[in-house]
Amino acid sequence: MTSPFLSSGEIQQLWQRLSADETDPKRAASQQQPRDSERDLWDSYSQAVTGAVDQVSPAVVSISGDATNRPSGSGTGFIIAPDGFALTNSHVVGGRSRLIATTADGDRLAADVIGDDPATDLALVRIAARDLPFVGLGDSAAARPGQLVIALGSPLGFQSTVTTGVISALGRSMRGESGRLIEQILQHTAPLNPGNSGGPLVNSRGQVLGVNTAIIANAQGLGFAVPSNTALWVVGELIHHGEVRRPKLGIVAEMVAIPRSLVRQLDLLNESAVLVRSVESVGAAWAGGIAAEDLIVAINDRPVESIDDLHRLLTMFRGQKTIVATVVRKQQLLGIEIPLG
């Protein structure tokens, strides 16, 4: 019967082979290669982060109130033009007209609020200085899940703080302070804390993809940023008009369920719609002929199931002179042309 145990001679031979393998150049090289590859990967990651931070951090400022304003929270902003224009959150501004911006070098500079848009939680301020370092807005439509992102800000007062993560989801919606939905929100995993609000979310090239706006309490890895493409539109509106102009119908309305019999009778695509309760005597809806008790089921052939849908479609078609509202009136479908210009 063969013994299951190794003899002393066999043990010695095995030990010699193992000892030789430890010093074998081929084996050492094969073990070293994965380690070198891993080190190269981390070096590339570190270089991407540090390069983006070096590029963006000089343009990041801390935002707080000045002595003439009522006390309120503080946050972060970032300069988008050398003549002092900077972006931050509407809730960081908090209704104040004058602020203090503290630069990465520690300079405290006065800043005036140019415009405030609670509907997107964005605000534009102008810092009283020239030739400032700045960063441009990138294309948030190019963002992809899994992409490396870097958040810069002043969480809990700790200025020039950097955190990293990835884009975890695109196209989220969240409700702003005005009650409107903010569309196309970027969800990411870069850790945020109070004070990060208004700071930039950038990619590895240092391009701003979003403006950090919110975190969910008692949750980990859930940060949100208003997309840079939305911010670019808001900045244009605030610079040229001091406010964001949005088409308004001039109605009081509510979301209601459509009776199933009416859905079948009119072959409707939606099961809910917006019921007009009243119409302002001077407004787009009144000019077009919308009446109380009309049921708005579509705008430009796109279904309207809620007030949020109505807001989104009015914003989508804001550049048009007219829109066509499909309404149900006395159990009949009507197309009503509404002037927006």
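The values are calculated or read from the model by the stated rules, or taken from the named source; none is laboratory data. Bear in mind the structure is a predicted one, so any value in this text is a computation, not a measurement. All Cβ positions, glycine included, derive from the backbone under ideal geometry; neighbour counts span all protein chains shown.
Apart from one condition, ILE150 fits all of (1) part of a strand (DSSP E or B); (2) surrounded by fewer than 21 Cβ atoms within 10 Å (Cβ to Cβ); (3) in contact with a strand residue (DSSP E or B) (Cβ under 6 Å, 6 or more places away or on another chain); the exception is (2). Inspect all residues belonging to segment 83-92 and state whether any of them is among the β-branched types (Val, Ile, Thr), crowded, with 19+ Cβ neighbours inside 10 Å and in a helix (DSSP H, G or I). Yes, that holds for at least one residue. Kindly establish whether PHE78 is under 22 Å from GLY198 (Cα atoms), modelled with pLDDT of 90 or more, in contact with a helix residue (DSSP H, G or I) (Cβ under 8 Å, 6 or more places away or on another chain) and buried (at least 21 other Cβ atoms within 10 Å of the Cβ). When the stated conditions are applied, PHE78 passes them.
Selection of segment 154-174 for residues being within 15 Å of GLY75 (Cβ to Cβ) and either modelled with pLDDT of 90 or more or surrounded by 13 or more Cβ atoms within 10 Å (Cβ to Cβ) (or both) yields SER154, PRO155, GLN159, SER160, THR161.
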